Ligand code: HEC
C-alpha cells in the first residue's frame, strides 16, 4: 500500500489514542515537579514543615481548610494559584528557577485532570500502543514524530551502503567483497540476516566492543577528570 495513504490511516490512531487534554505524568509532569519543586517539597527537603508534593497522599491532604491539590475541587487547588501568583510565586523568586508558561500549563492540566501520580515507568507493565503494526512497528513511531516535525523518512540507502552498515555493526569491519556480492544478489527481505557473523572473530570483538570499552573508560574517567 502506498506509504502516504498508510500514514493517514495510522496517524489518527496514534494522535487520538490519548485524550488530548491529559498530560503524561512520567514524561511531562514529573520532570517539572522534580526540577522546580522537589528541592523544597520533595523527599530530600530540609524544610520538613512544607507540604510534600512527591507523594500523592500528602499532596492531596487537608492543610487546614485548603489543599495543595484538592481532590474534591481540583480548580480550587492552592497549587494552581501559587504557580501563577505574581507576588508570591512557586518556585519562590530566590530559588533561581522559574516555571515557563508551557510548564505552568502542563502542571495546570495535570491537576485539573485529577493529579494522578503514576508509578515509575519501570514498574508499569508495558501495554501495546493502539496501532496496527504494518512492516516494522518502530517505523510507525518514527514516522509519526517525523510528521510532527514536518519532515519525512529520507530515501533508503543503496544496498551496498546497507550491507556496509550491517557488517560494520555486526562485525566491526566492512563486508568481504564476496559477501557483499552475495548480499547484492540476494533480493530476499531477510537478506540482512545473511550478513556473515563469524562466531569467533577477534576483529569482531575489537571492532565492535573496543569502542564500547573506550566509551566506558571515558565514563569511568569522569569522576577523576571532571573537566572532560
Ligand atoms: C526554594 C524552595 C521552594 C521551591 C523550589 C518551591 N516551593 Fe512551594 N513553598 C516554599 C515555601 C517556603 C512555602 C511556604 C511559604 C509560602 O506559602 O510561601 C511554599 C508553599 C507552597 C504551597 C502552599 C502550601 C501551603 O502549605 O500553604 C504550594 C501549593 C507550593 N509551595 C507549591 C510549589 C510548587 C508547585 C513548586 C514547584 C513548581 C514549588 N512550590 C517550589 C518553598 C518552595
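The values are calculated or read from the model by the stated rules, or taken from the named source; none is laboratory data. Remember, predicted model here, so these are calculated numbers, not experimental data. No Cβ is skipped: glycine too gets one built from the backbone with ideal geometry, and neighbour counts run over all protein chains shown.
Could you pull out the residue among 36, 46, 3 that is at pLDDT below 90 and near the ligand (Cβ under 10 Å from one of its atoms)?
None of the others qualify; the one that does is 46.
Any residue in the stretch 86-103 that is surrounded by 12 or more Cβ atoms within 10 Å (Cβ to Cβ), within 13 Å of the ligand (Cβ to nearest atom) and part of a helix (DSSP H, G or I)?
Yes; the residues of the stretch 86-103 include at least one that is surrounded by 12 or more Cβ atoms within 10 Å (Cβ to Cβ), within 13 Å of the ligand (Cβ to nearest atom) and part of a helix (DSSP H, G or I).
Tell me, which residue of the stretch 19-33 that is outside any helix (DSSP H, G or I) and either at pLDDT 95 or above or within 15 Å of residue 116 (Cα to Cα) (or both) is farthest from the ligand (Cβ to nearest atom)?
19
Restricting attention to the stretch 169-181, and to residues there that are in contact with a helix residue (DSSP H, G or I) (Cβ under 6 Å, 6 or more places away or on another chain) and not in a loop (DSSP other than H, G, I, E, B), which single residue is modelled with the lowest pLDDT? Don't jump to the end; show me each part of the working.
Filtering the stretch 169-181 for residues in contact with a helix residue (DSSP H, G or I) (Cβ under 6 Å, 6 or more places away or on another chain) gives 171-175, 180.
Filter again for not in a loop (DSSP other than H, G, I, E, B), leaving 171, 180.
Values: 171: 77, 180: 89.
That would be 171.
Yes/no matrix, rows are residues, columns are (1) in a loop (DSSP other than H, G, I, E, B); (2) in the same structural domain as residue 33 (by TED's automatic domain parsing); (3) touching a residue at least 24 places away in the same chain (Cβ under 8 Å); (4) surrounded by 16 or more Cβ atoms within 10 Å (Cβ to Cβ):
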residue	(1), (2), (3), (4)
106	no, yes, yes, yes
111	no, yes, yes, yes
116	yes, yes, yes, no
138	no, no, no, no
154	yes, no, no, no
167	no, no, yes, yes
184	no, no, yes, no
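Find the residue count for the stretch 58-84, including only residues that are more than 9 Å from the ligand (Cβ to nearest atom), in a loop (DSSP other than H, G, I, E, B) and surrounded by 11 or more Cβ atoms within 10 Å (Cβ to Cβ).
5
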